[in-house]
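Remarks on the structure that follows.
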């Protein structure tokens, strides 16, 4: 398959993957804050994102049974169902938790299938370019989730916003079948008990998993409080949709493009160091914007910096994850890796509302900047794994 076609396919499937995460991270926190859900409960609800941490538990099913496109389409249909039955101005606690839980579980399952599909598609050595496209189009999916429904919520109410989101999810479920089938390994389904044998032979497994666990933890710990922070400072739905979601997406796209270029120029290992340092600065930017008396423009700037730096760091990190996975075990291995870094972030995010109520937004945002520092101590282990896997010639 040619590079241009490969990148076009990657673009399409990551629009689909970005949509439910946009609902969870951009739309629902604003909905919860505006209908009066307490910050402590919002933080706890964010813990349902632990579905992304738990997905290794059912990744063998995705690896073993059915075709990737069927898993993706079915998951998006469940996302649509969760949205169709949500949106009440006074939801019961049960409906709030069950609807969000269904959305998270379906989205995590879709991630397993899409990530494995993409690893089977992308040539070793094209990860930087593929991830620049991947991050860009993922954010397009986030825009679909976080902008249109949010703009509809103001004049038409949250019920209409949820119905619109459900309709988009259903359309994406059908669009999945426009992507070509990607066949599995030539030797069929190798025994899953061998999935981590190569990892063991590389050594330093604990160090690499520790690096994966910690590298993006600061961003993930901060994320549940970003939209409540905007609401608490009195910013409107339109401002949140325009600056945080739409312009933020443009900044993420720019960061991903620059990050992908840097990965191609200096390699995965060196990019993990420099791009990770920039990502830590975005947390400090939000800490500065959260100081008492800061104007709305400071929040806009912090959001754009955070989005740009997030795109930078994601390009290097996702290229690293793709490089160290074997295609025949991609669904399981990639699920384990992404589940590992989701675990720490989601657990910390569950307590983010409580912590913010205790120390305030500014101190909480500043504290999250320090959380990823231990990852840099473990970076040499990650670099050795990258060096052990050669790039592939272009076909």
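On the basis of being in contact with a helix residue (DSSP H, G or I) (Cβ under 8 Å, 6 or more places away or on another chain), at pLDDT 85 or above and farther than 20 Å from residue 30 by Cα, does residue 226 make the cut?
no
Tally time: how many residues in the range 31-90 are without any contact (Cβ under 8 Å) to a residue 12 or more places away in the chain and closer than 24 Å to residue 227 by Cα? Write out each step before concluding.
We begin by selecting, within the range 31-90, every residue without any contact (Cβ under 8 Å) to a residue 12 or more places away in the chain; these are 36, 57, 61, 65-66, 70.
If we keep only those that are closer than 24 Å to residue 227 by Cα too, we end up with 36.
Of the residues in the range 31-90, 1 are without any contact (Cβ under 8 Å) to a residue 12 or more places away in the chain and closer than 24 Å to residue 227 by Cα.
Which residue is surrounded by the fewest Cβ atoms within 10 Å (Cβ to Cβ), if the candidates are limited to the range 249-273 and must be out of contact with any helix residue (DSSP H, G or I) (no Cβ under 7 Å at 6 or more places or on another chain) and free of Cβ contacts under 8 Å to residues at least 60 places away in the same chain? Spell out how you get there, then give the answer.
Taking the range 249-273 as the starting set, the residues that turn out to be out of contact with any helix residue (DSSP H, G or I) (no Cβ under 7 Å at 6 or more places or on another chain) are 250, 261, 265-267, 270.
Filter again for free of Cβ contacts under 8 Å to residues at least 60 places away in the same chain, leaving 250, 265-266, 270.
Details: 250: 16, 265: 10, 266: 15, 270: 16.
So the residue we want is 265.
Assigned to a helix (DSSP H, G or I), touching a residue at least 60 places away in the same chain (Cβ under 8 Å) and crowded, with 21+ Cβ neighbours inside 10 Å: is that true of residue 302 in this structure?
Against the criterion (assigned to a helix (DSSP H, G or I), touching a residue at least 60 places away in the same chain (Cβ under 8 Å) and crowded, with 21+ Cβ neighbours inside 10 Å), residue 302 does not qualify.
Output the qualifying pairs, or none if there are none: Cβ atoms under 8 angstrom, residues six or more apart or on different chains, first residue in the range 368-379 and closer than 13 Å to residue 213 by Cβ, second residue outside any helix (DSSP H, G or I).
Going by the 8 Å Cβ cut-off, the qualifying pairs are 372/216.
Yes or no, residue by residue, for (1) more than 24 Å from the chain's Cα centre (by Cα); (2) touching a residue at least 24 places away in the same chain (Cβ under 8 Å); (3) within 30 Å of residue 370 (Cβ to Cβ); (4) in a helix (DSSP H, G or I):
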{"residue": "117", "(1), (2), (3), (4)": "no, yes, no, yes"}
{"residue": "139", "(1), (2), (3), (4)": "no, yes, yes, yes"}
{"residue": "143", "(1), (2), (3), (4)": "no, yes, no, yes"}
{"residue": "155", "(1), (2), (3), (4)": "yes, no, no, yes"}
{"residue": "208", "(1), (2), (3), (4)": "no, yes, yes, yes"}
{"residue": "212", "(1), (2), (3), (4)": "no, yes, yes, yes"}
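Consider the range 278-299. How many of its residues are assigned to a helix (DSSP H, G or I) and touching a residue at least 12 places away in the same chain (Cβ under 8 Å)?
14
Please determine, by comparing only the residues of the range 345-356 that are part of a helix (DSSP H, G or I) and at pLDDT 85 or above, which one is farthest from residue 60 (Cα to Cα).
The residue in question is 356.
Are any of the residues in the range 88-98 within 22 Å of the chain's Cα centre (by Cα), surrounded by 21 or more Cβ atoms within 10 Å (Cβ to Cβ) and part of a helix (DSSP H, G or I)?
No, there is no match, as no residue in the range 88-98 is within 22 Å of the chain's Cα centre (by Cα), surrounded by 21 or more Cβ atoms within 10 Å (Cβ to Cβ) and part of a helix (DSSP H, G or I).
Does the range 362-373 hold any residues that are assigned to a helix (DSSP H, G or I) and crowded, with 22+ Cβ neighbours inside 10 Å, and which are they? Spell out how you get there, then give the answer.
Step one: list which residues in the range 362-373 are assigned to a helix (DSSP H, G or I), which gives 362-369, 373.
Residues satisfying the conditions are 364, 365, 368.
Please pick out the residue among 37, 79, 10, 15 that is assigned to a loop (DSSP other than H, G, I, E, B) and either closer than 28 Å to residue 217 by Cα or modelled with pLDDT of 90 or more (or both).
37
Within the range 145-174, take every residue that is more than 20 Å from residue 90 (Cβ to Cβ) and at pLDDT below 90 and give me the one that is surrounded by the most Cβ atoms within 10 Å (Cβ to Cβ).
146
Look through 279, 331, 319, 342 and report the one residue that is out of contact with any strand residue (DSSP E or B) (no Cβ under 6 Å at 6 or more places or on another chain), farther than 20 Å from residue 222 by Cα, at pLDDT below 85 and crowded, with 20+ Cβ neighbours inside 10 Å.
331
Among the residues in the range 55-67, are any within 15 Å of the chain's Cα centre (by Cα) and either surrounded by fewer than 22 Cβ atoms within 10 Å (Cβ to Cβ) or part of a helix (DSSP H, G or I) (or both)? Working first, answer last.
Within the range 55-67, the first condition is being within 15 Å of the chain's Cα centre (by Cα), and the residues that meet it are 55.
Retained after the next criterion (residues that are either surrounded by fewer than 22 Cβ atoms within 10 Å (Cβ to Cβ) or part of a helix (DSSP H, G or I) (or both)): 55.
Checked against the condition, which is being within 15 Å of the chain's Cα centre (by Cα) and either surrounded by fewer than 22 Cβ atoms within 10 Å (Cβ to Cβ) or part of a helix (DSSP H, G or I) (or both), the range 55-67 yields at least one hit.
The values are calculated or read from the model by the stated rules, or taken from the named source; none is laboratory data. What you are looking at is a predicted structure, and each value in this text was computed from that prediction instead of being measured. Here Cβ is always computed from backbone atoms with ideal geometry, including for glycine, and neighbour counts include all displayed protein chains.
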